[in-house]
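Just so it is clear, none of the values below were taken in a lab; they were calculated from the coordinates. For clarity, every value in this text was computed on a predicted model and none was experimentally measured. Reconstructed Cβ throughout: ideal geometry from the backbone, glycine too, with neighbour counts over all protein chains shown.
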Amino acid sequence: MSRQDHIPSGLIAYLVLLFAVPSALTVPALGGAGSPARIVGLLLIGWWGYDHIQQSRRAPNAVQAAYFAFLAAVLLSYIAATTRAIPVEEISTATLGIVLVISFGGSLLIASNGLSSVEAITRMLRLIVLAGAAVAAFACFQVFTHREWADMLHIPGLSANTPIYQLGNRDGLPRPNGTATHPIELGMVLTMVLPIAINLAITDRSRSALRRLSPVILILAAIFLSISRSAMVGAVVGLLVIAVRWTPEVRHRAALAAPVFGFGVFVMVPGLLGTIVGLFTGAGNDDSVRSRTDSYALAWSFIHRAPWFGRGLGTFLPEYRILDNQWLGLLIEIGVVGTLCFGVLILTALNAAESARRASLGAGSDQLAQGVKASVAVGATCLLFFDGFSFPVGSGLLFLMIGVAGSFGRLTAAARRPERHPRLPQIAPLPLPLRAMGPAVLRRWYVTVPGIALSLFVAMSTLSRPPLYWTQTDTYLLAPISHRFPNSMTSTSEALIATAGLVVADVQGRSPVPPTASPNAHLTGLGVRSGFLLRVPDMGGQWEHSFTRPVISIEAIGSDPTAVANQAADLIDRIRTDLAARQQADHVPVRDRMTATLAPTATQVFDMSGQPSRGAAVTLLLGLWATLIAAATADFLLPRLRARLRARRRARHPRATPALH
């Protein structure tokens, strides 16, 4: 095997850890960033950086440039997060979001640059199919033994960061997780692998039929057993994308095999096909579908408060809403700019795979490229049905496949690259190799100096954001003391709860924000910078209502701590006044009237100004990054522009040829 056909060992380690280790197992000290695959991803991006320093020539890589644009958008959203009123837990999740995107970038960049030939890509795709088939076989084993098994795996140094869920259930049928977090994630992973497995089975004739077809059968079986609506949609999308490039003979064989496989599933698992059909015919009565559609109003209230750069990746916590739509979540968290950058990354990967298919880089490469294109398309489609970035295996595989598409695009660009200026180095302007960055920065000082000055100015301006203060207290409605309720705090009658709701309606009117999934979602996280909120805590989540406590929660937020405290005190007085007025109007005797008490009794005002120092640091980093790119771009373009101008002048004013005597 030649060096060009070699697969980077770090990429193999990343793939094995991503599929083999249950995603809930992490290094305890690192929390959500401590899964073995994510740690290897961070090491891979360091490896890529070192390799980038060493090389001085490289072919253009559009996928790589699109990834860095997406990373820049995520960093901009982090600046937005740290300069607003933000709860402490959201700062942690926003920082974790950056770590995850960088870790994803490690596999993407190494796959995009380290797979140097079609043979290397083919070998990598074989490993991905093998890993997918192994997980599919494990999922089938879980179903037929009715046990999770993954919860019995203990790896020294790792512990479960989140619970390892037991087998799910839908209409009495078990739903496997494999090594993924949830059956819906398992379905996304397997449907992304399926198009590659099928096209390898068609084109990879160097292996036996058993080795080519068994992964396809296992993966298809596990997809059906996951009983996931998104998996079924993803499988259809993947099959349509690859089927359009099949020969008529292959399509005919696939049409014959489909009913045979369906009959086999019906025989092996009675009732499975009916349950899958019911996922779509009964979608109108499905709580999960209704929850998705009911989330749009709340999502819009978040989007319009920070439309361009969002509120920070990972900061839309489940206590606000479980959207089950990653694209909608991206609009909230990284705004229109970040969502467009992610969409451009997906489209760039699809275009790279399509270019490789048309270029026909080698025998069977067109079908492999089409399979990679289908895999990326499936991953992007599945993100419409669940919060994919919260599930490490599915999101990790998506970025890996984007990197494989980038390797196809790089090979295609290298084969087609024109030598327009033989005397000038034929390298891509973005990103410029770091070894060549220093001279470029010095030569283009007139770009570098203003860029650094502007970066410092903008970074300092983020520190001067006005502070924000917030307070929260609860008003408890108490029943009158009686023989039945000698302790009024123990009474939770429906009359108390209903009265609390009426008082809130009198004092506040219509709620200024849509209902969230948890009463723990405060104004600080809802993006409100000035105002107040009254509500009776709804403990039912987003699928039902459950008011169990006669409590009125009072929140106030603003830029002046004294004004915030006074507003909270005024709201407390208005609540007591309205409660007394209602009972007096109904001629309730004084001894039988409800009363109100506070907890805590003293109003506490908290500084919720965020972490502007972190925002300033990231702003300075982005500014310096943009300055280096601008200097590198100028250093790349100006010599070519001058060469073109000299050529035009020579064409307009050719030198006179001396006459011969």
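Values computed for the structure shown
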item	result
Percent of Cα-Cα distances greater than 15 Å, calculated over region 549-601	56
Rounded to whole Hz, the Karplus (6.51, -1.76, 1.60) HN-Hα couplings of region 257-270, x for glycine and proline	6, 4, x, 5, 5, x, 5, x, 5, 4, 6, 6, 10, x
Radius, Kirkwood style, for region 176-312 when every pair of distinct Cα atoms is counted (Å)	17.4
DSSP loop GluC sites (Glu not before Pro) with at most 14 other Cβ within 10 Å: longest gap in the chain	1-418
Alpha-carbon centroids, region 280-354 and region 107-168: separation in whole Å	26
Assigned charges on the beta-carbon of Lys, Arg, Asp, Glu; region 471-607 dipole about Cα centre (debye)	240
Total charge dipole magnitude, region 76-189, about the Cα centre, Cβ charges on Lys, Arg, Asp, Glu only, Debye to nearest 20	200
Value of relative contact order over the chain, rounded to a whole percent, pairs C-alpha under 8 Å and six or more apart	19
Volume in Å³ per residue [convex hull over Cα atoms, computed for region 471-607]	111
Ranked L317, L109, criterion: other C-beta atoms within 10 Å, fewest first	L317, L109
Nonlocal amide H pairs with R170, under 5 Å, H built at 1.01 Å	R175
Amide proton proximity set for R321, modelled H, under 5 Å, gap of 5+	A517
For the chain, the longest site-free run once trypsin sites (Lys or Arg not before Pro) in DSSP loop states with at most 10 other Cβ atoms within 10 Å are removed	58-419
Cut-off of 10 Å, at most 14 other beta carbons, DSSP loop: longest stretch of the chain lacking such chymotrypsin sites (Phe, Trp or Tyr not before Pro)	1-307
For H6, H252, H653, order by how many other beta-carbon atoms lie within 10 Å, fewest first	H653, H252, H6
Average silhouette area of region 316-399, convex hull of alpha-carbon atoms, in square nanometres	5.7
Pair-distance profile P(r), taking every C-alpha pair of the chain, with 20 angstrom steps and integer %	16, 42, 29, 11, 2, 0, 0
Residues I79, I334, sorted so that the one with the fewest Cβ neighbours within 10 Å comes first	I79, I334
Kirkwood Rh (inverse of mean 1/r, distinct Cα pairs), region 116-235, angstrom	15.1
The chain, dipole about Cα centre (Lys/Arg Cβ +1, Asp/Glu Cβ -1), debye to the nearest 20	4040
Selection from Q370, P215, G501, by position along the positive dipole direction of the chain (Cβ)	Q370
Quotient of Cα Rg and 2.2 N^0.38 Å for region 48-186, N being how many residues it contains	1.41
Extreme residue, positive dipole direction of the chain, given options T603, L328, G379 (C-beta unit charges)	G379
Size of region 537-647 as Cα extents on the principal axes (Å, biggest first)	100, 38, 22
Å³ per residue enclosed by the Cα convex hull of region 293-334	60
Farthest positive-ward along region 471-607 dipole, Cα basis, beta-carbon charges - from S530, P561, Q542	Q542
Average Cα contact separation per residue, region 150-258, under 8 Å, 6 or more apart, as relative contact order %	25
